[in-house]
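Asks: One structure follows; several queries about it will come next.
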Amino acid sequence: MREYALTFVIAVAVTYLLTPFVRRAAITFGAVPPVRDRDVHTEPIPRLGGIAIYGGFAAALLISAKLPHLQEVFVYNTWMALLLAGGLITAIGVVDDRWGMGPIPKLAGQVAAAGILVSMGVQLLWLPLPGTTLSLGPWLGALISVLLIVVTINAVNFADGLDGLAAGIVAISAFAFFAYYYVAAVDQGFERQSYPAMIAIILAGVCIGFLLHNFNPARVFMGDTGSMLLGLLLTSITITVTGQFDANTAANSGENGAVGVHHGMVVFLPVLLPLLVIALPLADLVLAVVRRTLAGKSPFAPDKKHLHHQLLGLGHSHARAVLLMYLWAAIIAFASVSLAVFDQPVMILTVTTLVALCAVGLITLPRLRRRRRRQQRRQAQEITEDHISVAKD
């Protein structure tokens, strides 16, 4: 655990310290685009913050690979694939943030980065299914892996619409991954899980380090440089761990203790967790594509109808809208992890439902306040009219 904590601190510190230098470089480099109609900020803000995120990730990864208790869990091809693919997607993001890229070249770059991961071993070879496993084979596994990586990259990119939103949601996801993997590795004895846990804690660290500069009011944006990198790293964790559990072993271990794997969910959670955690950005992505397609526009055409725009439209402040998105991401992520590792589903679902109801209440609070103010104004107006009528009489 000390190695995890040290690596987390390194990731936070390096990213936090690099970000001001990257911000100044972005200003010098001209990566400060004008405010667009769909933006929610009112002043131009430098981008390219993803360079600091990549620097923090690379530093923490290389240092953790030298720690005595972690050297054996790092597979050379895997972490080299993360550095190379991450470097490529960061470079693509720099070009897009500075000069802009069309959707097709950007998609091609995302596929190329995903291809690097797949070619170096970060690939789904089989998928867990209830009661069995589905062997994918090299070609189908590569295709599904690339598709999963590209979809997640764009889902996180879509979430990067408010100050600190993408970094916070990915941090919550990474912490949930780490909690899940750590329980699986330490309590269940699956030693191979320590590598994904390390990547998850590094990813959480770089998000927190950047978030200290990026939360409202943001001083720098991660841009596509950062959002695409975070999506790439998040998916790589999922692909790395999927298939490392044997379904029969997982089911048996879940029967042996209170802190176990509930009904073998440990087998399926690596695939489900990222989809659950980014359910809101993923739903936003699907709705945006459908909405734009039905309107006869390109699926990549920007608009102001994303979920975070809807929250702002309800009357939430910028920071409150972001915190509500954090809350929903945390509810989904940690409820899923708790169901997988604790054999108390009724209690977990009850607490999750109560928290979710509170979150719904917080979302609708501004509308209720506006309704109450309208009623108060209407009552005040009626009282005033009554007084005027009495005075005339």
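The values are calculated or read from the model by the stated rules, or taken from the named source; none is laboratory data. On a predicted model such as this, the values are computed, not experimentally measured, just so you know. All Cβ positions, glycine included, derive from the backbone under ideal geometry; neighbour counts span all protein chains shown. Accessible surface is based on the protein model in full, side chains and every heavy atom, while ligands, DNA and RNA are left aside. Shrake-Rupley method; radii C 1.70, N 1.55, O 1.52, S 1.80 Å.
Asks: Work the Kirkwood hydrodynamic radius out for the range 1-62: mean of 1/r over every pair of different alpha-carbon atoms, inverted, in Å. Please list the in-between numbers first.
Replies: Details: mean 1/r = 0.0770 Å⁻¹.
So the Kirkwood estimate lands at 13.0 Å.
Asks: Report Ile172's accessible area, 1.4 Å probe, all protein chains in place, as a number in Å² to the nearest 10.
Replies: The value for Ile172 is about 30 Å².
Asks: State, in angstrom, two size descriptors of the range 1-120 derived from its alpha carbons: Rg to one decimal place and Dmax to the nearest whole number.
Replies: For the range 1-120, the Cα-based Rg and Dmax read 16.8, 52 Å.
Asks: At a Förster radius of 35 Å, what calculated FRET efficiency corresponds to the Cβ-Cβ distance of Glu43 and Leu314, to the nearest 0.05?
Replies: 0.90
Asks: Right, next: Hey, with R₀ at 22 Å, roughly what FRET efficiency would Leu287 and Leu134 work out to, going by the Cβ-Cβ distance, to 0.05?
Replies: On the way: r = 29 Å, r/R0 = 1.32.
Once rounded, the FRET efficiency stands at 0.15.
Asks: Determine the sum of side-chain charges near His213: Lys and Arg each +1, Asp and Glu each -1, restricted to other residues whose C-beta is under 13 angstrom from that of His213. The partial results should precede the final answer.
Replies: Details: positive: Arg23, Arg24, Arg47, Arg219; negative: Asp163.
Around His213, the surrounding residues sum to +3.
Asks: When the chain is fully extended, how far beyond the present Cα-Cα distance does Leu147 get from Glu3, taking 0.36 nm per residue of separation? Walk me through the intermediate numbers first.
Replies: Values: separation 144, 0.36 × 144 = 51.84 nm, distance 3.31 nm.
Contour length minus the Cα-Cα distance gives 48.5 nm.
Asks: Residue by residue, what Karplus-based ³J(HN,Hα) values in Hz, rounded to whole numbers, does the range 17-24 have, using 6.51, -1.76 and 1.60 with θ = phi - 60° and x for Gly and Pro?
Replies: Here the 3J(HN,Hα) series is 6, 6, 4, x, 5, 5, 4, 5 Hz.
Asks: Taking H as built 1.01 Å from N, whose amide H comes closer than 5 Å to the amide H of Trp126, not counting residues under 5 places away?
Replies: Correct list: Leu136.
Asks: Here's another thing I want to ask about it. State the extension gain, in nm to one decimal, for the chain segment bounded by Trp126 and Ala13, taking 0.36 nm per residue of separation less the distance between their alpha-carbons. Don't skip to the end; give the middle numbers.
Replies: Numbers: separation 113, 0.36 × 113 = 40.68 nm, distance 3.73 nm.
Between Trp126 and Ala13, full extension yields an extra 37.0 nm.
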